[in-house]
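> Here it is: the structure, laid out below.
The values are calculated or read from the model by the stated rules, or taken from the named source; none is laboratory data. This one's a predicted model, so the numbers in the text were calculated from it and none came from an experiment. Methodologically, a virtual Cβ is constructed for each residue, glycine included, from the backbone with ideal geometry; neighbour enumeration extends over all protein chains shown.
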Amino acid sequence: MTRKKVKLAYINNDASRKATYKKRKKGLIKKVSELSTLCGVDACAIIYSPYNTQPEVYPSPGGVHRIVKKFKKMPEIEQSKKMMNQEVFLKQKIGKVSEQMKRLKKENRDRELNRLLYGNLSGKMNLQGLTVKDLNDLTSLIDQNLKNINKRMEEIAKKTKIARMTAATAAKVPPFINGEVNAASATTMAYDNDRGRGIRRDLNAQN
């Protein structure tokens, strides 16, 4: 059973808010502890709340002081390089969601255009009533499909050419049977070699 997604908003009910605070605080401390133990990094947490007069710290007041002191020794530029507050976090979150929405809208639009294209080709649908934007997008889709087809055809032609060249090269190599040259090929080679020597002997005789 999947967990119900919690709405990220301020909890107005006091009892529910306090219960959520205790639960989330415990989970946060656990995550900080796991991060420090598993990755061997310095990590601490300081939590102020209306339910305690003193802030709650992890791993200890001394440990927090040591880590904060180490942080303050860094140059200010290095301190703020990866610093994130709630505003920055929300902006990044909104940006990611916006990009996801754009991608989903494009995917849905492509599906819709493909449905129109194949419906028209099959005679089940017509292009009457489409807007100029629909027609322009449909034209762009057709152009892209043609480009993909041409690219695929070029790849197939290239592979076919390579295969033919490989086969032609293999046909020129004398066939071997059990590590020995085929008898017919060996006879032809011997004849050619003898003829070559005969030609050379004739030339030498003329000189």
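> Go through LEU141, LEU117, LEU127, LEU135 for me and flag whichever is assigned to a loop (DSSP other than H, G, I, E, B) and modelled with pLDDT under 90.
So the residue among LEU141, LEU117, LEU127, LEU135 that is assigned to a loop (DSSP other than H, G, I, E, B) and modelled with pLDDT under 90 is LEU127.
> Oh, and also: Does LYS70 satisfy being outside any loop (DSSP other than H, G, I, E, B), under 38 Å from the mean Cα position of the chain (by Cα), in contact (Cβ under 8 Å) with a residue 24 or more places away in the chain and surrounded by fewer than 11 Cβ atoms within 10 Å (Cβ to Cβ)?
So LYS70 fits the description; yes.
Matching residues to (1) surrounded by 12 or more Cβ atoms within 10 Å (Cβ to Cβ); (2) part of a loop (DSSP other than H, G, I, E, B); (3) at pLDDT 95 or above:
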| position | (1), (2), (3) |
| --- | --- |
| VAL6 | no, yes, no |
| ALA9 | no, yes, no |
| ARG17 | yes, no, no |
| GLU34 | no, no, yes |
